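Let me begin by presenting the structure, written as structure tokens, before commenting on it.
The values are calculated or read from the model by the stated rules, or taken from the named source; none is laboratory data. Here the structure is a predicted model, which is why all the values come from computation and not from measurement. Virtual Cβ from ideal backbone geometry, glycine too; neighbours counted across all protein chains shown.
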Amino acid sequence: MTSIDSTISKRLIFAIALTSITLVAEIVGGIWSNSLALLSDAGHVFLDLFALLLSLGAIKLASQPPNEQHSYGWHRAEVLAGLINGLTVFIMAIGILYEGSKRLISPEEVKTTPMLVIAVLGLIANLLAAKGLHGHSHDDLNVRSAFLHVIGDAAASVGVIVGALLMHYTGWYQVDPVISIAIGLLILTGAGRVLREAVHILMEGVPRGLSVEQVAAEIREIEGVLDIHHLNIWTVCSHILALSAHIEIDPTYEGERSRLLHTIEQELQHKFHITHTTIQLDCSTCSGGPLIKALDHQQRAACTHGHS
């Protein structure tokens, strides 16, 4: 395991510990206070814990070396974990919306003091967990999905705190299902983003933020390149981008293929962070060049001499 993966693993373990404590507290507090909002948040926290455990497991799998059956190794485990996280959160959000709509019609009394205390503790725990994961949330889809879980839960905790204060001073218990529905919609939005990105990667889509035309134009600007075709760009996992292409080169660069290939690879890595490349250099006009003509003449002369 790389040092980066080791750092991510430690932060995930820290977040898992905090999330486990929050889950127990919100289940107990939700039952005690009769708060659907708090129990909804507990459901979210449970799936946060599930997401974090999946994320940790995916990192462990990704550290396994490539083999004959998996030439890229297990990096795609990260994307699969993100897909599972998104699906589970999506289903949970539907359940929260259903329960919230029922209680909105028939509101029930809520004990606001324990609800408020538990929500504040949950907010603190989620903010600490989010701080630990934030550093790698832009580089790793799996960590980003877990980070979204935690941030969503922190926002939900704020909503529960506001709701507890409103109910405490006004006695309007319909605030509780309203908060639950808001939490459900928040979760649904986050799940949709994660699902969309995971499916996009699994469908070999062009990485977000990259344009095939832009990459092709940059390659054509390299001295010695005439044109590019059969260009494909895809994502192995969130931190590994891959490219394959056929590149037509100038005949005068026929003897400098290695240097030209190295230049192209360096440009792709520097400008687009594409590190896995399969590039075929073509020279359709090289067969008519002076060197080939000379070789053809020598071969014909040898054949004629041998026949004589």
Search result, residues across the stretch 42-78 that are crowded, with 23+ Cβ neighbours inside 10 Å, modelled with pLDDT of 75 or more and farther than 30 Å from Val120 by Cβ: Glu78
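One line per residue, one yes/no per condition, for (1) more than 30 Å from Cys237 (Cβ to Cβ); (2) over 25 Å from the mean Cα position of the chain (by Cα):
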{"position": "Gly57", "(1), (2)": "no, no"}
{"position": "Leu61", "(1), (2)": "no, no"}
{"position": "Glu68", "(1), (2)": "no, yes"}
{"position": "Ser71", "(1), (2)": "no, no"}
{"position": "Trp74", "(1), (2)": "no, no"}
{"position": "Gly86", "(1), (2)": "no, no"}
{"position": "Lys102", "(1), (2)": "yes, yes"}
{"position": "Ser106", "(1), (2)": "yes, yes"}
Qualifying positions in the stretch 104-131 - modelled with pLDDT of 85 or more and basic (Lys, Arg): Lys111
Boolean, Leu83 is at pLDDT 80 or above, more than 18 Å from Ala129 (Cβ to Cβ) and surrounded by 15 or more Cβ atoms within 10 Å (Cβ to Cβ): yes
Count of the stretch 14-47 residues which are more than 29 Å from the chain's Cα centre (by Cα) and either over 23 Å from His168 (Cβ atoms) or not in a helix (DSSP H, G or I) (or both): 2
Single residue of Leu56, Leu104 found to be within 27 Å of Gly192 (Cβ to Cβ), without any contact (Cβ under 8 Å) to a residue 60 or more places away in the chain and not in a loop (DSSP other than H, G, I, E, B): Leu56
Residue in the stretch 148-170 that is at pLDDT below 85 and outside any helix (DSSP H, G or I) present: no
Some residue of the stretch 213-221 being under 14 Å from the mean Cα position of the chain (by Cα), assigned to a helix (DSSP H, G or I) and among the aliphatic types (A, V, I, L, M): no
Matching entry among Val225, Val175 (being of a type in the set (Val, Ile, Thr), assigned by TED's automatic domain parsing to the domain that holds Ser101 and either touching a Gly at 6+ places or on another chain (Cβ under 9 Å) or within 29 Å of Asp282 (Cα to Cα) (or both)): Val175
Pair list, Cβ < 8 Å and 6+ apart or interchain, from the stretch 164-192 residues that are in contact (Cβ under 8 Å) with a residue 40 or more places away in the chain to residues that are of a type in the set (Lys, Arg): Asp176/Arg103; Pro177/Lys102; Pro177/Arg103; Ser180/Arg103
Odd one out for Val236, checked against (1) farther than 19 Å from Ile84 by Cα; (2) among the aliphatic types (A, V, I, L, M); (3) not assigned by TED's automatic domain parsing to the domain that holds Val110: (1)
